[in-house]
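K.L.:
Provided herewith is a single structure, encoded as structure tokens, for subsequent inquiry.
The values are calculated or read from the model by the stated rules, or taken from the named source; none is laboratory data. As the structure is a computational prediction, the values presented were derived from the model and not from experiment. Quick reminder, even Gly has a Cβ in these numbers, built from the backbone with ideal geometry, and neighbours come from all protein chains shown. These accessible areas exclude ligands, DNA and RNA; they are computed on the full protein's heavy atoms, side chains included. Shrake-Rupley method; radii C 1.70, N 1.55, O 1.52, S 1.80 Å.
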Amino acid sequence: MVELTAKQRQQSRLMLMFAACSGVVMVALGAFAAHGLSHTLAPYLLDVFKVGVQYQAWHTLALLACGILSRFLPSKALSYAALFFGLGIICFSGSLYALALTGIKWFGPITPMGGICFIIGWVMLAIAAWRSA
């Protein structure tokens, strides 16, 4: 295992903590959608909410991978990947949750910014992998 600096250990810990918290929120919101919202939201809005949960699930796993990988291959690119995955979860999934629950349309334009964050996160993860060789 690579000897990590205090800053690298802290960054890895934050990545893993954010991933764990995101996982808790994702499971709770998924259950809420399945059991609490299925009879109150219009089908379209329920689907919007479920898309937010799905993207949060995938990117929580990506964030978890970043936290684990950062213990073995610490790099700035990996830290940026985690940052952008986290921002993507907040912007993309968060805006879909807000749109579905409130019906307020101005949350919609926030969603693509979250998608762009996800894309940047994946590109940064690819750069981290490339540079690790």
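K.L.:
So, of the residues in region 44-58 that are closer than 21 Å to CYS117 by Cβ and in contact (Cβ under 8 Å) with a residue 24 or more places away in the chain, which turns out to be most open to solvent (accessible area, probe 1.4 Å)?
P.N.:
TYR55
K.L.:
Of the residues LEU63, LEU87, LEU41, only one is of a type in the set (A, V, I, L, M), out of contact with any Pro (no Cβ under 6 Å at 6 or more places or on another chain) and open to solvent by 40 Å² or more (accessible area, probe 1.4 Å); which?
P.N.:
LEU87
K.L.:
Tell me, which residue of region 80-99 that is in contact (Cβ under 8 Å) with a residue 60 or more places away in the chain and of a type outside the set (Ser, Thr, Tyr) is nearest to ALA42 (Cα to Cα)?
P.N.:
Taking the candidates together, the pick is ILE89.
K.L.:
Taking ILE68, is it within 10 Å of the chain's Cα centre (by Cα) and among the β-branched types (Val, Ile, Thr)?
P.N.:
no
K.L.:
Residue under question is ALA34, and the condition is that it be loosely packed, with under 14 Cβ neighbours inside 10 Å and either out of contact with any strand residue (DSSP E or B) (no Cβ under 7 Å at 6 or more places or on another chain) or within 26 Å of LEU99 (Cβ to Cβ) (or both); does it hold?
P.N.:
Yes.
K.L.:
What are the residue pairs meeting all of these: first residue in region 109-133, first residue in contact (Cβ under 8 Å) with a residue 12 or more places away in the chain, second residue open to solvent by 90 Å² or more (accessible area, probe 1.4 Å) and not basic (Lys, Arg), Cβ atoms under 6 Å, and 6 or more apart or on different chains?
P.N.:
Hits for this filter: MET124/TYR80.
K.L.:
Here's a follow-up. Quick check on my filter: what residues within region 105-133 are closer than 12 Å to VAL48 by Cβ and either open to solvent by 70 Å² or more (accessible area, probe 1.4 Å) or at pLDDT below 95 (or both)?
P.N.:
If the condition is that a residue be closer than 12 Å to VAL48 by Cβ and either open to solvent by 70 Å² or more (accessible area, probe 1.4 Å) or at pLDDT below 95 (or both), then LYS105, PHE107, GLY108 are the ones that fit.
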